[in-house]
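Asker: The structure's right below; bear with me while I get my questions together.
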Amino acid sequence: MTQDDPNTADFGFQQVPRQDKARRVRAVFDSVAGRYDLMNDLMSAGAHRLWKQFTLSLTGLRSGGRALDIAGGTGDLAAGLTRQVGDAGLVVLADINASMLQLGRDRLTDRALVSNLRYVQADAQRLPFADGSFDCVTIGFGLRNVTDKSAALVAMQRVLKPGGQLLVLEFSKPVIPALSRLYELYSFNVLPWLGARIAADAASYRYLAESIRRHPDQQTLLEMMQAAGLGGCRYHNLSGGIVAVHRGYRY
């Protein structure tokens, strides 16, 4: 099987049958769900919270707005979105993984963020929402795990209202050569070590490092968004390009 084989998909550095990737990704997140937040803090030294805050600062949402957070996991972005749209608005937290969705529900219920929040188990490639349902769609650190990223971008564009915005927060390609080399060493040595010590699962964190390397770079993802029908596309590099926020609109 080769990378160009339409019957296969990337699973980290492996090529696997296309129909098998979602199951494998689900197994990864089933394994890491219980330690997901702790590992995020350790892996990024807390920087993931700043990256998410920056993403939320771009939404343009107002009271009464409607937002969808795809691959919402434990609900960091969804929590911020609920505050932006207020009690008159609606936020849907969607995730394909039942374990992560339940973790997000439990976490946000504990924080009493329930009045304007709904939960849906959904595949990003086949979103079960009507055309033009949302003012803003976010996906944080989830797109690289999707089997067909182009199909997911088309689905996200479809459910946006005219003028609505898609925000994609994802690991990307460092723009400073020295940083890139350090990040490579960190990703393939420290991350699996942390995974083994904290989550008792080095293999899942090795996959996460590999999936970052296989994810499209900044310009490629921008072009994919344009091909999906989004306009006004641009991106913001964060932490030297380790992470980027891509944004585009449905016109």
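The values are calculated or read from the model by the stated rules, or taken from the named source; none is laboratory data. These numbers were taken from a predicted model, which means no experiment stands behind them. Note: ideal-geometry Cβ built from the backbone for every residue, glycine included; neighbour counts use all protein chains shown. What goes into the accessible areas is simple: the full protein's heavy atoms, side chains included, and nothing from ligands, DNA or RNA. Shrake-Rupley method; radii C 1.70, N 1.55, O 1.52, S 1.80 Å.
Asker: Name the pairs whose Cβ atoms lie under 6 Å apart, with the first residue in region 198-213 and within 25 Å of VAL175 (Cβ to Cβ), the second among the aromatic types (Phe, Trp, Tyr) and open to solvent by 30 Å² or more (accessible area, probe 1.4 Å), and 6 or more positions between them or separate chains?
Answerer: From region 198-213, the pairs are ALA209/PHE188; GLU210/PHE13; ILE212/PHE171.
Asker: Which of the numbered conditions does THR74 fail, given that it passes all the others? Conditions: (1) touching a strand residue (DSSP E or B) at 6+ places or on another chain (Cβ under 6 Å); (2) assigned to a loop (DSSP other than H, G, I, E, B); (3) polar (S, T, N, Q).
Answerer: Here THR74 meets the rest and fails (1).
Asker: Residues in region 8-19 that are at pLDDT below 85 and open to solvent by 40 Å² or more (accessible area, probe 1.4 Å): how many?
Answerer: Within region 8-19, residues that are at pLDDT below 85 and open to solvent by 40 Å² or more (accessible area, probe 1.4 Å) number 3.
Asker: Filter region 202-234 down to residues that are among the β-branched types (Val, Ile, Thr) and either at pLDDT 95 or above or at positive phi (or both), then give me how many there are.
Answerer: Residues that pass the stated criteria total 1.
Asker: Mind listing whichever residues of region 72-81 are surrounded by 24 or more Cβ atoms within 10 Å (Cβ to Cβ), among the small types (Gly, Ala, Ser) and either under 16 Å from ASP110 (Cα atoms) or at pLDDT 95 or above (or both)?
Answerer: GLY73, GLY75, ALA78
Asker: Give the residue that is nearest to LEU230 (Cα to Cα), with candidates limited to residues of region 135-154 that are open to solvent by 10 Å² or more (accessible area, probe 1.4 Å) and assigned to a helix (DSSP H, G or I).
Answerer: Restricting to residues being open to solvent by 10 Å² or more (accessible area, probe 1.4 Å) and assigned to a helix (DSSP H, G or I), the top hit is VAL154.
Asker: Right, here's the next one. (1) of a type in the set (D, E, K, R); (2) open to solvent by less than 40 Å² (accessible area, probe 1.4 Å); (3) under 18 Å from the mean Cα position of the chain (by Cα): which one isn't true of ASP217, the others all being true?
Answerer: (2)
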